[in-house]
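Asker: Supplied in structure tokens, the structure appears directly below.
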Amino acid sequence: MPAPPFLSLKNVSKYFADFCALDAVSLDVSLGQKLVICGPSGSGKSTLIRCVNQLEQHQHGQIYIDGVDVRDGAAGQAAIRDNVGMVFQQFNLFPHLTILQNLTLGPIRARGLPAAEAADLAMHYLERVRIPEQSAKYPSQLSGGQQQRVAIARALCMKPKLMLFDEPTSALDPEMIAEVLDVITELAEAGMTMICVTHEMGFARQVADMMLFMDHGRIVEMAPPRRFFAAPETARCKLFLSQILRH
Amino acid sequence: MGRFMQYVTQKLHLIWQRVVPLSVALAVLLPLGGCSQNWGWYVVNPTTPAGQRNLKFLIDGLYYTIALSVTAICISIIVGLLIALPGLSSKRVPRSINRVYVEMVRAVPILVLILWVYYGLPQVAGISISVFWAGVLALAISDSAFQAEIFRAGIQSINRGQYEAATSISLNYRDTMRFVILPQAIKRILPALGNQLVYMLKMSSLVSVIGMQELTRRANELVVTEYRPLEIYTVLVLEYLVVILIVSAGVRWLERRLNAAD
């Protein structure tokens, strides 16, 4: 008897005007699973994870988090709020707040934590992403890699059970990619459930226990990384992998 | 505050160096330049008792001009924000409320609004309203439409990612606005808010028509008794010039300070 899925998408479709971004996608994710999604741009990867926390609203199908339909009014919102964290391609740190304030804002305002407790929590996670010494600075004073690690810590401060990463290293200079991927890898090893959209295939191989390839709003291929990289089944996926792994 | 005072002192110094010599030069050159009017600075000569009395009478209006403008702008900022927020909604009804208010208020000339609020509103609402509060109300209503547009533009200029990040850490709409969006938006619209204050200081002169004893009204009254419009209105121009240059300098100082905090 397998554990019931923590996150479940059933026939989820999403249209932007006439453009079909997600075409009846179904997907189950259990606690502790690490999914990596790849695919060409415009294939619906980002839309998929943005529908999970309802930054985009899907038109058809259902998304369940811990058994609760995310569109079920207050209960759905609470299911997202209590369980899902997100890291964005562009970091989206709050530029007018210090690093510490970026991290404590959610815990204080949304979780009702006392300021001192929130600061302790923030420092704990800043140590985990290895930049506690930057806590008094503003985001613009940090490098891209540091900013993205702050963004990860900010999401972790809300103690999510599921982390969504939307191309977390795509906006980074090459020399800063490793420090961010290291942090995500550690998080994965610590047992965090995650869905990560990325083109970093070395990282994917190391972290993922399931690879997804998307194209035209559909999950075209879904396999454990060894099989996924060694013997992709579809021609489209084979071509994509050969293109991004060529250099 | 120390830095601000230093800044103001610097600016005053600049005004002393540039504006005062310029006006003195004008005062000397205008009659020399074939101007048929003879200057009679005696009406505002600070070395004679009568001139002193007249000057004091004129300058005392500053208190009302500033009180009127500052009170009105505080109210108009709050009203403007409250009007701007429904304008950002994705729903039609709140958006139309915003549009109707902005379009209607912008269509009424300030002078007309001042007259209507002072003479009309008491009859309609059955209340008595002082000259000061009629002026404040008219200026605030008129300015609030512009403030609403400024706020709307400022809030819309904030990257969508900031809303998404705020949502992703579970902030509700109010907290998102209060802690994430507005602090950034206000910083961006500060120059525009400063311009509105300058505009307000100038428009407050219109409240003179309902008898508010501010700068312009006092100048008018003095002209009637002294028959020296050229000198008195020149002093009036200088009064506005000094106040507004100081305000502009203050806004620029604030802008720089906020930028430095980035």
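Asker: Tell me yes or no: at least one residue of the stretch A:59-71 is within 12 Å of chain B (Cβ to nearest Cβ) and open to solvent by 10 Å² or more (accessible area, probe 1.4 Å). Even if it seems obvious, please write down each step before you answer.
Answerer: Pass one, the stretch A:59-71, residues within 12 Å of chain B (Cβ to nearest Cβ): none.
Scanning the stretch A:59-71, I find no residue that is within 12 Å of chain B (Cβ to nearest Cβ) and open to solvent by 10 Å² or more (accessible area, probe 1.4 Å), so the answer is no.
Asker: Still on this structure, I have one more. Show me the helices (runs of 4 or more DSSP H) found entirely inside the stretch B:37-115 where at least 1 residues are of a type outside the set (A, V, I, L, M, F, W, C). Break it down into steps so the answer makes sense when it comes.
Answerer: Values: elements: B:49-59, B:61-87, B:92-107, B:110-115.
Passing ranges, in order: B:49-59, B:61-87, B:92-107.
Asker: Follow-up question, since we're still on this one. Tell me, yes or no, whether the stretch B:201-208 has at least one residue that is within 14 Å of another protein chain (Cβ to nearest Cβ), surrounded by fewer than 19 Cβ atoms within 10 Å (Cβ to Cβ) and of a type in the set (Lys, Arg).
Answerer: In the first step, residues of the stretch B:201-208 are kept if they are within 14 Å of another protein chain (Cβ to nearest Cβ); the result is none.
Checking the stretch B:201-208: not a single residue is within 14 Å of another protein chain (Cβ to nearest Cβ), surrounded by fewer than 19 Cβ atoms within 10 Å (Cβ to Cβ) and of a type in the set (Lys, Arg).
Asker: Somewhere in the stretch A:80-97, is a residue away from chain B (no Cβ under 11 Å), open to solvent by less than 10 Å² (accessible area, probe 1.4 Å) and not β-branched (Val, Ile, Thr)? Quick ask: steps written out before the conclusion?
Answerer: Within the stretch A:80-97, the first condition is being away from chain B (no Cβ under 11 Å), and the residues that meet it are none.
No, because not a single residue in the stretch A:80-97 is away from chain B (no Cβ under 11 Å), open to solvent by less than 10 Å² (accessible area, probe 1.4 Å) and not β-branched (Val, Ile, Thr).
Asker: Only one of B:219, B:153 is more than 25 Å from residue B:53 (Cβ to Cβ) and either surrounded by fewer than 17 Cβ atoms within 10 Å (Cβ to Cβ) or not polar (S, T, N, Q) (or both); which? It would help to see each step written out before you state the result.
Answerer: Numbers: B:219 fails: more than 25 Å from residue B:53 (Cβ to Cβ).
Step by step, each of B:219, B:153 is checked, and only B:153 is more than 25 Å from residue B:53 (Cβ to Cβ) and either surrounded by fewer than 17 Cβ atoms within 10 Å (Cβ to Cβ) or not polar (S, T, N, Q) (or both).
Asker: Taking the stretch B:173-183, which residues are facing another protein chain (nearest Cβ under 7 Å) and open to solvent by 20 Å² or more (accessible area, probe 1.4 Å)? Steps first, answer last, please.
Answerer: Narrowing the stretch B:173-183 to residues facing another protein chain (nearest Cβ under 7 Å): B:175, B:179-180, B:183.
Scanning the stretch B:173-183 gives B:179, B:183.
Asker: Additional query: Within the stretch B:41-55, can one find any residue that is open to solvent by 60 Å² or more (accessible area, probe 1.4 Å) and at positive phi? Spell out how you get there, then give the answer.
Answerer: First pass over the stretch B:41-55, keeping only residues open to solvent by 60 Å² or more (accessible area, probe 1.4 Å): B:41-42, B:46-47, B:49, B:52-53.
Restricting the remaining residues to those that are at positive phi gives none.
Scanning the stretch B:41-55 turns up no residue that is open to solvent by 60 Å² or more (accessible area, probe 1.4 Å) and at positive phi.
Asker: Here's another thing I want to ask about it. Scan the strands (runs of 3 or more DSSP E) fully inside the stretch A:1-44 and keep the ones with 1 or more residues being open to solvent by 40 Å² or more (accessible area, probe 1.4 Å) and on the phi > 0 side of the Ramachandran plot.
Answerer: Working: elements: A:7-16, A:19-29, A:34-38.
Qualifying strands (runs of 3 or more DSSP E): A:7-16, A:19-29.
Asker: Residue A:217: open to solvent by less than 10 Å² (accessible area, probe 1.4 Å), at pLDDT below 95 and either closer than 30 Å to residue A:78 by Cβ or more than 14 Å from every other protein chain (Cβ to nearest Cβ) (or both), yes or no? Spell out how you get there, then give the answer.
Answerer: Working: open to solvent by less than 10 Å² (accessible area, probe 1.4 Å): yes; at pLDDT below 95: yes; either closer than 30 Å to residue A:78 by Cβ or more than 14 Å from every other protein chain (Cβ to nearest Cβ) (or both): yes.
When the stated conditions are applied, residue A:217 passes them.
Asker: Does residue A:175 satisfy the condition of being among the charged types (D, E, K, R) and either in contact with a strand residue (DSSP E or B) (Cβ under 6 Å, 6 or more places away or on another chain) or open to solvent by less than 30 Å² (accessible area, probe 1.4 Å) (or both)? Please lay out each step first, then the result.
Answerer: Working: among the charged types (D, E, K, R): yes; either in contact with a strand residue (DSSP E or B) (Cβ under 6 Å, 6 or more places away or on another chain) or open to solvent by less than 30 Å² (accessible area, probe 1.4 Å) (or both): no.
So residue A:175 does not fit the description; no.
Asker: Collect the residues in the stretch A:145-201 that are more than 14 Å from every other protein chain (Cβ to nearest Cβ), more than 28 Å from residue A:112 (Cα to Cα) and of a type in the set (D, E, K, R), keeping them in residue-number order.
Answerer: A:173, A:175, A:179, A:182, A:186, A:189, A:200
Asker: Right, another one. Here is a list of conditions, (1) over 29 Å from residue B:117 (Cβ atoms); (2) within 14 Å of chain A (Cβ to nearest Cβ); (3) open to solvent by less than 30 Å² (accessible area, probe 1.4 Å); (4) in contact (Cβ under 8 Å) with a residue 40 or more places away in the chain, and residue B:187 meets all of them except one; can you say which number that is?
Answerer: With respect to (1) over 29 Å from residue B:117 (Cβ atoms); (2) within 14 Å of chain A (Cβ to nearest Cβ); (3) open to solvent by less than 30 Å² (accessible area, probe 1.4 Å); (4) in contact (Cβ under 8 Å) with a residue 40 or more places away in the chain, residue B:187 is out only on (3).
Asker: Which condition number does residue B:130 fail, the rest of (1) buried (at least 19 other Cβ atoms within 10 Å of the Cβ); (2) polar (S, T, N, Q); (3) away from every other protein chain (no Cβ under 14 Å) being met?
Answerer: (1)
Asker: Continuing with this model, one more query. Restricting the search to the stretch B:116-127, which residues are of a type outside the set (A, V, I, L, M, F, W, C) and either touching a Lys or Arg at 6+ places or on another chain (Cβ under 6 Å) or outside any helix (DSSP H, G or I) (or both)? Write out each step before concluding.
Answerer: If we filter the stretch B:116-127 for residues that are of a type outside the set (A, V, I, L, M, F, W, C), which is where we start, we get B:118-120, B:122-123, B:126.
Hit for the stretch B:116-127 is B:126, nothing else.
Asker: Out of the residues in the stretch A:98-114 that are outside any helix (DSSP H, G or I) and in contact (Cβ under 8 Å) with a residue 12 or more places away in the chain, state the one that is nearest to the other protein chains (Cβ to nearest Cβ).
Answerer: Within the stretch A:98-114, the first condition is being outside any helix (DSSP H, G or I), and the residues that meet it are A:98, A:110-114.
If we keep only those that are in contact (Cβ under 8 Å) with a residue 12 or more places away in the chain too, we end up with A:98, A:110-111.
Values: A:98: 10, A:110: 4, A:111: 7 Å.
Filtering first and then ranking leaves A:110.
Asker: Among (1) within 14 Å of chain A (Cβ to nearest Cβ); (2) open to solvent by 60 Å² or more (accessible area, probe 1.4 Å), which single condition is residue B:137 missing?
Answerer: All conditions pass for residue B:137, except number (1).
Asker: Of the residues that make up the stretch B:92-100, is at least one free of Cβ contacts under 8 Å to residues at least 40 places away in the same chain, of a type in the set (Gly, Ala, Ser) and on the phi < 0 side of the Ramachandran plot? Even if it seems obvious, please write down each step before you answer.
Answerer: Residues of the stretch B:92-100 that are free of Cβ contacts under 8 Å to residues at least 40 places away in the same chain, as a first pass: B:92-97, B:99-100.
Cutting the leftovers down to of a type in the set (Gly, Ala, Ser) gives us B:96.
With on the phi < 0 side of the Ramachandran plot added as a condition, the list becomes B:96.
For the stretch B:92-100, residues free of Cβ contacts under 8 Å to residues at least 40 places away in the same chain, of a type in the set (Gly, Ala, Ser) and on the phi < 0 side of the Ramachandran plot: present.
Asker: Another one. Is there a residue in the stretch A:227-239 that is touching a helix residue (DSSP H, G or I) at 6+ places or on another chain (Cβ under 8 Å), open to solvent by 10 Å² or more (accessible area, probe 1.4 Å) and within 28 Å of residue B:161 (Cα to Cα)?
Answerer: No - not one qualifying residue is present in the stretch A:227-239.
Asker: Right, next: Looking at the stretch A:115-151, which of its residues are open to solvent by 70 Å² or more (accessible area, probe 1.4 Å) and in a loop (DSSP other than H, G, I, E, B)?
Answerer: A:130, A:136, A:137
Asker: Which of the residues that make up the stretch B:153-172 are more than 8 Å from every other protein chain (Cβ to nearest Cβ) and either farther than 20 Å from residue B:188 by Cβ or in contact (Cβ under 8 Å) with a residue 60 or more places away in the chain (or both)?
Answerer: Selection gives B:155, B:156.
Asker: Using the structure shown, decide if residue A:74 is without any contact (Cβ under 8 Å) to a residue 24 or more places away in the chain, within 20 Å of residue B:165 (Cβ to Cβ) and within 14 Å of chain B (Cβ to nearest Cβ). I'd like the intermediate steps shown before the answer.
Answerer: Details: without any contact (Cβ under 8 Å) to a residue 24 or more places away in the chain: yes; within 20 Å of residue B:165 (Cβ to Cβ): no; within 14 Å of chain B (Cβ to nearest Cβ): yes.
Against the criterion (without any contact (Cβ under 8 Å) to a residue 24 or more places away in the chain, within 20 Å of residue B:165 (Cβ to Cβ) and within 14 Å of chain B (Cβ to nearest Cβ)), residue A:74 does not qualify.
The values are calculated or read from the model by the stated rules, or taken from the named source; none is laboratory data. Just so it is clear, the structure is predicted and the values come from calculations on it, not from any experiment. Cβ coordinates were reconstructed from backbone atoms using ideal geometry, including for glycine residues, and neighbour counts include every protein chain displayed. Note: accessible area is taken over every heavy atom of the protein model, side chains too, but ligands, DNA and RNA are not part of it. Shrake-Rupley method; radii C 1.70, N 1.55, O 1.52, S 1.80 Å.
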